[in-house]
Structures are given as structure tokens and as C-alpha cells.
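So the structure is just underneath, and the comments pick up after that.
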Amino acid sequence: MSKELTELERARLRWRARRGLLENDLIITKFLDQYETQLTTADVAALTCLFDMGDNDLLDVLLGRKELEGVYNTPDIQRLVKQMREL
């Protein structure tokens, strides 16, 4: 069972989502604007892992120029990236 994120958890996630590349910020902010209230704790963990990726690599993944690899290639991260790509 998943619990709804608290305001503090949502604020932390948005802060963590801030990126060095404007393009990443725009894609991630649009995603959070649409899905933030539906995110599970597993989603937050997957996003936190994804946000560890370097800015240029992340942009390539979000734009579909590169596929997820290694620790980032998990079902949860794949699903979230797919949602971001579809926005």
C-alpha cells in the first residue's frame, strides 16, 4: 500500500529534481506537475536514483537519444522515463 507524499516530501523531491540544464528542469517539472500527487514511495526512490545521473546523460535519456543502462535500468525508472518522454 502506498501513502500520499507529505508536503515536505514533495518539496524535497522538487528541490532534488532541480538540474543544471534548463531542458531537464522543464521536462521534470512538467512531469511532477502532472504526476506528483500520484507518486508512490517506490516512484520517489526511482526518481531519486535517476536524479543521480549526470545532466547530459539524463537529457539524452529523457529525449530518447540514449537508453537506460546499469543501475538506472530498472522497471520503475523505465516506467517513469516513459511517462516523461510522453509529455
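Loop by DSSP (not H, G, I, E, B), at most 14 other beta-carbon atoms within 10 Å: where is the longest site-free stretch of the chain for trypsin sites (Lys or Arg not before Pro)? Don't jump to the answer; show the numbers that get you there.
Numbers: sites that count: LYS3, ARG18, ARG65, LYS66.
Longest site-free region, per DSSP loop and neighbour criteria: 19-64.
Could you work out how far the C-alpha centroid of the stretch 10-49 sits from that of the stretch 59-87, in angstrom?
A separation of 13 Å, based on Cα centres.
Once you list every other residue whose beta carbon is under 14 Å from the beta carbon of ASP57, what net charge do they have if Lys and Arg are +1 and Asp and Glu are -1?
Computed value for this residue: -3.
Along each of its three principal axes, how wide is the spread of alpha-carbon positions in the stretch 21-86, in whole angstrom units, largest first?
28, 25, 19
Pairing the Cα long axis of helix 7-17 with the longest principal axis of the chain, what angle in degrees results, from 0 to 90 and rounded to the nearest 10?
Between helix and principal axis, roughly 10 degrees.
Only the coordinates and a few stated rules stand behind these numbers; no lab work does. Note that the structure is predicted; figures quoted are calculated from it, not measured. We place every Cβ from the backbone using ideal geometry, glycine too, and count neighbours over all the protein chains shown.
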